[in-house]
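The values are calculated or read from the model by the stated rules, or taken from the named source; none is laboratory data. In this text, all values refer to a predicted model and were calculated from it rather than measured experimentally. We place every Cβ from the backbone using ideal geometry, glycine too, and count neighbours over all the protein chains shown. With ligands, DNA and RNA removed, areas are computed over all heavy atoms of the protein, side chains included. Shrake-Rupley method; radii C 1.70, N 1.55, O 1.52, S 1.80 Å.
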Amino acid sequence: MKVIAGNWKMNGTRTGLTDMVAALQNVETENKIILCVPYTMLGVESNRIYMGAQDVSTHDHGAYTGEVSAQMVAATGAKYVIVGHSERRQYHNETNDIVRQKVTAALSAGLTPIVCVGETMDEKQAGKTMEIIESGVKESIPNDTNKNIIVAYEPRWAIGAGLTPTKEEIAEAHKLIADTLMSMGLSGTPILYGASVKGSNAAEIMSIPNVDGVLVGGASLKPDDFIPIITSVK
Ligand code: PEP
């Protein structure tokens, strides 16, 4: 069983989500399917697909105009939330410290955070990939975390760019994440790979050791693109 999570980013409509849910209803798979959609689409009925948000406030409630708390997300029936996505880190200056506070907020509301870590092109070229991944995991996940968490390795330079790291690079990154999680008492935590996953590369990526599933951006928006990813592995 793999975890196949979609990240719709700021795309789609409620009707489009209803159509996607209907299209996924009869897909034969044992994989867990999660759709992380804009807040306004949460609450769409789905008994097979787990819903998630794409961000959450560090705060529980109060005078924080425009923010949405983890409890509010959970009240829609959503079970997951992406935290620390590279676009949040890039456009909203989210640091590992902020991400950790969001993970804490998500966990205390009963949501499973999908915590994203990964290096930029500059960091990759400076030979810092492993350092960024390890500090990303250690600093973004609170010490007292239970096991209700997912980590996603998303090389930031590859997201939405049609680029993917080599199999060896993915294997090395996921091994480091698995070892780091083990050192934190979190062995068994699912580790997803994300960045430019599509039907044609999904099976190969999910055959790499320590890759427990994928986080899919662009190719999760249309059933014709998403279903082949879901059915590419048992
Ligand atoms: C993402 O944004 O999480 C992502 C993986 O995007 P894409 O699949 O489009 O590269």
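Observations
- Identity of the residue in the stretch 1-19, open to solvent by less than 20 Å² (accessible area, probe 1.4 Å), within 16 Å of the ligand (Cβ to nearest atom) and among the aliphatic types (A, V, I, L, M), that ends up nearest to T189 (Cα to Cα): V3
- Condition broken by S140, with the remaining ones in (1) within 23 Å of V197 (Cα to Cα); (2) surrounded by 23 or more Cβ atoms within 10 Å (Cβ to Cβ) satisfied: (1)
- Residues located in the stretch 144-188, provided they are open to solvent by less than 80 Å² (accessible area, probe 1.4 Å), more than 12 Å from the ligand (Cβ to nearest atom) and hydroxyl-bearing (S, T, Y): T145, T166, T180, S187
- Every listed requirement among (1) on the phi < 0 side of the Ramachandran plot; (2) at pLDDT 95 or above is met by N93 save one, (1).
- In the set (1) surrounded by fewer than 18 Cβ atoms within 10 Å (Cβ to Cβ); (2) within 21 Å of the chain's Cα centre (by Cα); (3) at pLDDT 95 or above, N47 fails one condition alone, (3).
- Filter result for the condition that a residue is within 14 Å of the chain's Cα centre (by Cα), of a type in the set (V, I, T) and within 24 Å of C36 (Cα to Cα), over T95, T112, T76: T112
- Exactly one residue among V137, V115 is of a type outside the set (S, T, N, Q), out of contact with any Cys (no Cβ under 8 Å at 6 or more places or on another chain) and within 26 Å of G77 (Cβ to Cβ), and that residue is V115.
- Long-range neighbours under 9 Å by Cβ, at least six apart or interchain, first residue free of Cβ contacts under 8 Å to residues at least 12 places away in the same chain within the stretch 37-53, second among the polar types (S, T, N, Q) and open to solvent by 20 Å² or more (accessible area, probe 1.4 Å): N47/Q25
- Cβ pairs under 7 Å, 6+ apart, first in the stretch 167-190 and within 10 Å of V137 (Cβ to Cβ), second among the basic types (K, R) and at pLDDT below 95: L186/K147; T189/K147
- Residue among K198, K222 that alone is among the basic types (K, R) and near the ligand (Cβ under 10 Å from one of its atoms): K198
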